[in-house]
Amino acid sequence: MMTPDPIRSILIVGGGTAGWSAAALLSAVLGPSGCSITLIESSDVPTVGVGEATIPPVFEFLAHCGIDEIEFIRQCQATFKLAIRFDDWLERGHSYWHPFGNLGVTINQRPFHHYWWKNKAAGHGETFADLCPAIALAQDGKFAFPPPDGSYPGGALNYALHFDAGLVAAFLKKHSTARGVAHIDARIAGCELAADGAIAAVQLADGRRIEADFFIDCSGFRGLLIEEALHAGYEDWTRWLPCDRAVAMPTATVGPPAPYTVSAAHEAGWRWRIPLQSRVGNGYVYSSRHVSDEQAAETLRGAAAGEALAEPRFLRFTAGHRKAMWVKNCLAVGLSSGFLEPLESTSIHLIHTALNRLLDYFPDRHCDSALSAAYNREAADEYAHIRDFLLLHYVPNRRHGEPFWDEIRHNPLPDSLAAKLELFRRTGRIVSRRRELFADISWFFVAAGMGIVPEALDPLADAAPFGEVRKVIGQISEVMGRYRQAAPTHQDMLARLLDPALKGRPNFKQTWGGA
């Protein structure tokens, strides 16, 4: 067995959320090894920084970096996110929720959403808010932490964060440099390849030459290393996801921040609204074939509440990913690896999973190609899974007579999504594979929200005595009613967390007396 020749130096090219996330996690893991980590960014190059919403695994990343989540919330103007509310996606005037956490409780080893269909078919009128704590609290503008013992209903709750991406990068930069990450403020003029095609060094505009054993490309859409130097190629998914532009604009806060993201469908795409402590992030993701930049900006201005704090800023992108995200001794992370519209707030999550996957396949200085091949297969599968889930929001739409929506409704589906939709339409089942980001319950909420009703009930759910099922539903609804009434408002919870005297999370269960 060969003795590893360990990596002694890592160079991160680019800052922003991607670069400083890489610096924070790698410094936490590799600090004891003596491996040096350097990040190069130019203060003359602005970062994209429109991804201000996250999903629950963000807290695992913070923990792995050794970051206290309460301090992170305080420093990054964060608010809590319980769900996404989708407005006008199925048709104008219709809304639905994709919440974090569970619906109801498992009965006879069957997920509760199968009983939801049975209950609905029997003519009963309980809503999702009667049975799902995340939706109930979101609707009421409230928030509570899940109880440590996991007791219902709070134990069925999960949550994520909205935050200021610029403040996050600054926070992670301070955290990383305190752990020994070297920071160089400079422009990169070029890249030098070794005889075997790997990257040997980058050349700076001031004449310096920086070598490393391993390189992480966080240079954004440009792909300075992964594409311009190593020619990884790009898998273009525009045929499925035609949106190729975004315009973003911050506005002043109007009223208390909501504990959820709003995603509102428009004539050529969709608009986001993300409430922070001190401002609101707004943006419109759209197809340039169906609306002009000027029209998109006007739509955003007209829909955004509150005074504009800056002029609209435009971004161009192509949905898809690099054909190889790890080439030789270079890994692309963040926008340099690919882009999927942030409809389900996956952009920052893809940064974190890329870094975690790197740790799973972390190489020595020889960078065995078997490691990069395994990484690239898993990363491509992850992108395809998220692509399919995003398409689920679009394809069943009933916005007839609108060119963008008509086109996307009639586009051929990826085989993987077509098979999932067929299974769900006929049987109500969606079977997610292990380690896939979106579990069955997420597919259920979006599919049901987009008006898809299964043709048949799950026979095992149908086998349960319906009278007993109704008793469980009644108990859940009664407990949920007391829970949502007693919960503090989102604004009150933030005020408590921002109090410097507070240590740790408040325990809501002790205050509401729930079972």
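Below is a table of values for the structure above.
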{"quantity": "The range 259-273, residues that are touching an Asp or Glu at 6+ places or on another chain (Cβ under 6 Å) and surrounded by 22 or more Cβ atoms within 10 Å (Cβ to Cβ)", "calculated": "265"}
{"quantity": "Conditions (1) modelled with pLDDT under 95; (2) crowded, with 19+ Cβ neighbours inside 10 Å; (3) more than 30 Å from residue 23 (Cβ to Cβ); number of the one not met by residue 132", "calculated": "(1)"}
{"quantity": "Test: residue in the range 117-128 that is farther than 24 Å from residue 257 by Cα, without any contact (Cβ under 8 Å) to a residue 12 or more places away in the chain, part of a helix (DSSP H, G or I) and not assigned by TED's automatic domain parsing to the domain that holds residue 345", "calculated": "yes"}
{"quantity": "Flag for residue 468 being farther than 30 Å from residue 72 by Cα, part of a loop (DSSP other than H, G, I, E, B) and either free of Cβ contacts under 8 Å to residues at least 24 places away in the same chain or of a type outside the set (A, V, I, L, M) (or both)", "calculated": "no"}
{"quantity": "Residues located in the range 441-461, provided they are assigned to a helix (DSSP H, G or I) and farther than 15 Å from residue 431 by Cα", "calculated": "448, 449, 459, 460, 461"}
{"quantity": "Residue that is closer than 17 Å to residue 449 by Cβ and of a type outside the set (A, V, I, L, M), where the choices are 149, 88", "calculated": "88"}
{"quantity": "Residues satisfying the stated conditions in the range 81-99, i.e. surrounded by 24 or more Cβ atoms within 10 Å (Cβ to Cβ), within 20 Å of residue 276 (Cβ to Cβ) and not β-branched (Val, Ile, Thr)", "calculated": "81, 82, 83"}
{"quantity": "Subset tally (residues that are surrounded by fewer than 16 Cβ atoms within 10 Å (Cβ to Cβ) and of a type in the set (Gly, Ala, Ser)) for the range 164-181", "calculated": "3"}
{"quantity": "Filter result (closer than 27 Å to residue 396 by Cβ, of a type outside the set (Phe, Trp, Tyr) and in contact with a helix residue (DSSP H, G or I) (Cβ under 8 Å, 6 or more places away or on another chain)) within the range 58-97", "calculated": "82, 83, 84, 85, 90"}
{"quantity": "Residue in the range 341-352 that is part of a loop (DSSP other than H, G, I, E, B) and not assigned by TED's automatic domain parsing to the domain that holds residue 324 present", "calculated": "no"}
{"quantity": "The range 171-200, residues that are closer than 13 Å to residue 39 by Cα and part of a strand (DSSP E or B)", "calculated": "182, 183, 184, 185, 188"}
{"quantity": "Meets criteria (of a type in the set (A, V, I, L, M, F, W, C), buried (at least 23 other Cβ atoms within 10 Å of the Cβ) and farther than 18 Å from residue 159 by Cα) for residue 112", "calculated": "yes"}
{"quantity": "Enumeration of residues in the range 197-231 that are out of contact with any strand residue (DSSP E or B) (no Cβ under 7 Å at 6 or more places or on another chain) and surrounded by 23 or more Cβ atoms within 10 Å (Cβ to Cβ)", "calculated": "none"}
{"quantity": "Looking only at the range 302-313, and only at residues there that are surrounded by fewer than 16 Cβ atoms within 10 Å (Cβ to Cβ) and either among the charged types (D, E, K, R) or not assigned by TED's automatic domain parsing to the domain that holds residue 286 (or both), the one that is farthest from residue 244 (Cα to Cα)", "calculated": "307"}
{"quantity": "Filter result for the condition that a residue is of a type outside the set (D, E, K, R), farther than 30 Å from residue 291 by Cα and in a helix (DSSP H, G or I), over 380, 418", "calculated": "380"}
{"quantity": "Residue under evaluation residue 194, criteria (1) surrounded by 16 or more Cβ atoms within 10 Å (Cβ to Cβ); (2) without any contact (Cβ under 8 Å) to a residue 12 or more places away in the chain; (3) touching a strand residue (DSSP E or B) at 6+ places or on another chain (Cβ under 7 Å), criterion not met", "calculated": "(1)"}
{"quantity": "Residue in the range 288-299 that is buried (at least 16 other Cβ atoms within 10 Å of the Cβ), part of a strand (DSSP E or B) and touching a residue at least 24 places away in the same chain (Cβ under 8 Å) present", "calculated": "no"}
{"quantity": "Residue among 123, 104 that alone is over 14 Å from residue 446 (Cα atoms), of a type outside the set (A, V, I, L, M) and surrounded by fewer than 17 Cβ atoms within 10 Å (Cβ to Cβ)", "calculated": "123"}
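The values are calculated or read from the model by the stated rules, or taken from the named source; none is laboratory data. This one's a predicted model, so the numbers in the text were calculated from it and none came from an experiment. In this analysis, Cβ positions are derived from the backbone assuming ideal geometry, glycine residues included, and neighbour counts consider all displayed protein chains.
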